[in-house]
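Enquirer: Dropping a structure here in structure tokens format, bear with me for questions.
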Amino acid sequence: MSTIALIVAAGRGTRALSGKAGQGLPPNDTTPKQYRMLAGQSVLARAIAPFTAHPKIDRVIVVIHPDDGDEYARHTLEHPKVGEPVMGGATRAESVLNGLRAAAAFSPENILIHDAARPFIGKDVISRVINALDVHQAAVPTLPAVDAMRRVGTDGILADVVDREGIRRAQTPQGFRFTTLLPIMEAAAANATLPSLSDEAQAIITAGQSVASVEGDPMNFKVTIPEDFTMAERLLAQPDIRTGQGYDVHAFGDGDHVVLCGIKIPHGRGLSGHSDADVGLHTITDALLGAVAEGDIGRHFPPSDPQWKGMDSAVFLKRAVEIVSERGYAISNIDLTLICEEPKVTPHAPAMINRVAELCGLDPSRVSIKATTSERLGFTGRREGIAATAVATVIGKT
Ligand code: MG
């Protein structure tokens, strides 16, 4: 069963032309919307790609405006399934007919007709339309009309409620048996009814045949007005993910407890340091500051400053959390490893995780605290102190 996809890209897209400040569109840009860029790729190239990638699509024919040859060449990715573009006509229906005539050279069984302004068409909808053509002459993807439908007068005043019962929104690609559609479209051209057709499905219905409805996809929306471009850009926006690492060491000294990740653990020795020597919180603080390239704990809380003497290290971590937020990022996760022979960390890990999660405003599932020894090697192996290493990931807030 051979299937050709016809991508209709001959329109001028006048409704999308008026970009306003702040919408990411240049004002007074006359570029037709199908050649507008979305995250580095044109709308048209995005609309074509799912068809070239689909195993049941044998060929893609793109119908373009006669003035757009250069734009097309600049923005469309080369692919073995995509042939030379076909020039469109004065109306959408004429453009489609030109495409159908070009497709006739390949004698396809099915033809799928898709709007170039629907760049988020997915494989599933394409498959549903093609599969429906096994039993139907024509098939159109549709969606329920979820919003209340109201007629609004030219004066901007609400008029009557439109009954939603049985109303569904039609999308593309609309699929047809080729030998059904082409003669109907040729006949419409011959009797001059072609310009009055809203789409090819209507041509089929007008000719007395039925069109099946298959489930569409809300993502397969048509980029029509500038706000649609804003939404499309948001959908394609890549998350700004950054990672920071931290490392710290504190030596054992006199004392009867250590503080690790805000938890007081009785121990024969304490940790020495200017603050409470919480090597765990210091390391996490450094990882967070590193993720947003804001130096380290010593830059924000100089050890030479007496006000930090004996300080609860939660103060340092809370400030780092604030700095991350001020730089426009949210913490995604923290992973800390404490390296020591003693004290035993694992029994205290759940309490540490809860404390760090609380200080960072995170769900505890986003905090990992684990411990290891250094196999009695080095300073931690000789029980001279505790080392810690951490990684923190932050995500840009949109
Ligand atoms: Mg430290």
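Enquirer: Of the heavy-atom accessible surface of the chain (probe 1.4 angstrom), what whole percent is carbon and sulfur?
Expert: Roughly 53 percent, rounded to a whole number.
Enquirer: Can you report the principal axis dimensions of the stretch 241-396 using only the alpha carbons, biggest first, rounded to whole angstrom?
Expert: 42, 35, 25
Enquirer: If I take every Cα pair under 8 Å that is 6 or more residues apart in the chain, average their sequence separation and divide by the length, what percent do I get for the relative contact order?
Expert: Relative contact order for the chain comes out at 14 percent.
Enquirer: Quick one: work out Rg over Rh on the C-alpha atoms of the stretch 113-243, Rh as Kirkwood radius.
Expert: 1.05
Enquirer: Just list whichever of K318/K370; K318/K397; K309/K370; K264/K397 have alpha carbons separated by over 23 Å in the model shown.
Expert: Beyond 23 Å between Cα atoms: K309/K370; K264/K397.
Enquirer: Now for a separate question. Distance check, please: which entries in K56/K123; K33/K56; K123/K222 exceed 18 angstrom between their Cα atoms?
Expert: K33/K56
Enquirer: How much area per residue is accessible in the stretch 241-396 when the probe is 1.4 Å and only protein heavy atoms are counted (Å²)?
Expert: In whole numbers, the stretch 241-396 has 46 Å² accessible per residue.
Enquirer: While we're looking at this one, here's another question. Given Cα positions, please report Rg to Rh for the chain, the hydrodynamic radius being the Kirkwood one.
Expert: 1.23
Enquirer: A further question on this structure: Check G88: other-chain or 5+ apart residues with amide H under 5 Å from its amide H, H built from backbone geometry?
Expert: Those lying under 5 Å, H to H, from G88 are I64, H65.
Enquirer: Now for a separate question. Under the definition of Cα pairs under 8 Å and six or more residues apart, what whole-number percent is the relative contact order of the stretch 241-396?
Expert: Averaging sequence separation for qualifying contacts and normalising by length gives 33 percent for the stretch 241-396.
Enquirer: Please report the relative contact order for the stretch 73-172, taking Cα pairs under 8 Å with a sequence separation of at least 6, and give it as a percent rounded to a whole number.
Expert: 18
Enquirer: Give me the accessible area per residue for the stretch 3-236, probe 1.4 Å, as a whole number in Å².
Expert: Accessible surface, normalised per residue, equals 48 Å².
The values are calculated or read from the model by the stated rules, or taken from the named source; none is laboratory data. Everything numeric in this text was worked out from a predicted model, so none of it was measured. Ligands, DNA and RNA are stripped out before the accessible areas are found, and what is left, the full protein with its side chains, is counted by its heavy atoms. Shrake-Rupley method; radii C 1.70, N 1.55, O 1.52, S 1.80 Å.
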